Amino acid sequence: TQRDIYYLGFMVRQAAYLVENLALYENIYDNLFSTLSALVKAVEARDAYTKEHSYRVTEVAKIMARKYGCSEAEIDVLDFSGRLHDIGKIGIRDDILLKPGPLTAGEFETIKTHPVIGENIIAQLGLWDREKKIIRHHHERFDGMGYPDGLAGEEIPFLARILSVADVYDAMISQRAYRKGMPDKDVSGIIASERGRQFDPKLVDLFCGLHASAAFDPIYEALK
């Protein structure tokens with residue numbers, strides 16, 4: 001009937017508006033992500049030793065998350081926040097960030113501000129609350145001795161706990177301005193020794209199992 005056609009036409013127009021809005025949102029999301037990724041690459045380009053660090057950390061974290069049984073939505077969150085976890089370092093002076101030697105206590109306190117700076121950068125976009133929390137808390141420790149908020153145990157967002165293991169693994173195995181990369185077996189041993197202290201015990205067990213099965217080797221072929 002004409003009445004049915006009227007209502008059907010109304011619903012189709014509403015659906016079209018929703019589809020168009022979704023497409024616009026996806027376009028905005030992609031553009032913002034590309035812009036932020038470019039900023040991360042700009043940070044990493046300042047220090048040749050940390051080039052591709054964010055990519056490797058993200059890939060290790062995603063392997064861990066999939067093995068643990070995280071949903072695809074959680075892995076998407078981890079993919080975004082992993083790639084941008086160090087974006088706050090763009091606010092750290094070069095003489096500290098690129099210092100070819102041990103940091104002073106004051107310099108280390110400055111470095112410790114980068115998770116908060118990163119969260120603030122993401123916050124300006126008004127999006128991605130879960131991602132902001134991961135970026136802010138990826139340097140927390142399971143024993144509560146981390147930064148910036150001293151969260152402990154289950155207080156730390158679960159995906160931030162995964163990212164923390166991946167971040168430390170890559171930081172130790174890759175070369176830095178102030179030291180050479182450590183042997184892979186030594187790095188895995190150090191992570192195992194931090195079970196229940198720096199890292200969530202169940203995630204250390206997960207990491208060690210994956211490491212023993214060479215699950216991360218394809219990511220690090222270029223470093224060998």
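Among the listed pairs Lys89/Lys185; Lys132/Lys185; Lys99/Lys202, those whose Cα-Cα separation exceeds 31 Å are Lys132/Lys185; Lys99/Lys202. Between Ala16, Ala105, Ala38, the Gaussian network model of the chain with springs among Cα atoms under 10 angstrom shows the greatest mean-square fluctuation at Ala16.
With q set to 0.33 Å⁻¹, the log10 of I(q)/I(0) for the range 151-195, from the Debye formula over equal scatterers at the Cα positions, is -1.14.
Fraction of C-alpha pairs exceeding 14 angstrom in the range 74-153: 63 percent, rounded to a whole number.
The Rg/Rh ratio for the range 69-202, using Cα coordinates for both the radius of gyration and the Kirkwood hydrodynamic radius, is 0.96.
Dividing the helix sum by the residues of the chain, where each DSSP H run of 4 or more adds -39500 (n - 2.57), gives a mean residue ellipticity at 222 nm of -20500 deg cm²/dmol. If I stretch the segment between Leu103 and Ser193 completely, what's the gain in nm (0.36 nm per residue apart, minus their alpha carbon distance), one decimal? Going from the current span to full extension adds 30.0 nm. Put a dot 7 Å past the Cα of Gln14, heading toward its Cβ, do the same for Met145, and the two dots end up 5.8 nm apart. Loop-resident trypsin sites (Lys or Arg not before Pro) (DSSP state other than H, G, I, E or B) in the range 29-118 with no more than 11 further Cβ atoms inside 10 Å of their Cβ: Arg93.
Within the range 119-188, the chymotrypsin sites (Phe, Trp or Tyr not before Pro) that combine a DSSP coil assignment with at most 13 other C-beta atoms in a 10 angstrom radius are Tyr178.
Projection of the Cα convex hull of the range 44-98, averaged over all directions and equal to a quarter of that hull's surface, yields 3.9 nm².
Coordinate-derived values only; no laboratory data. Remember, it's a predicted structure, so these values are computed and weren't measured experimentally. Using ideal geometry, Cβ is built from the backbone for each residue, glycine included, and neighbour counts are taken over all protein chains shown.
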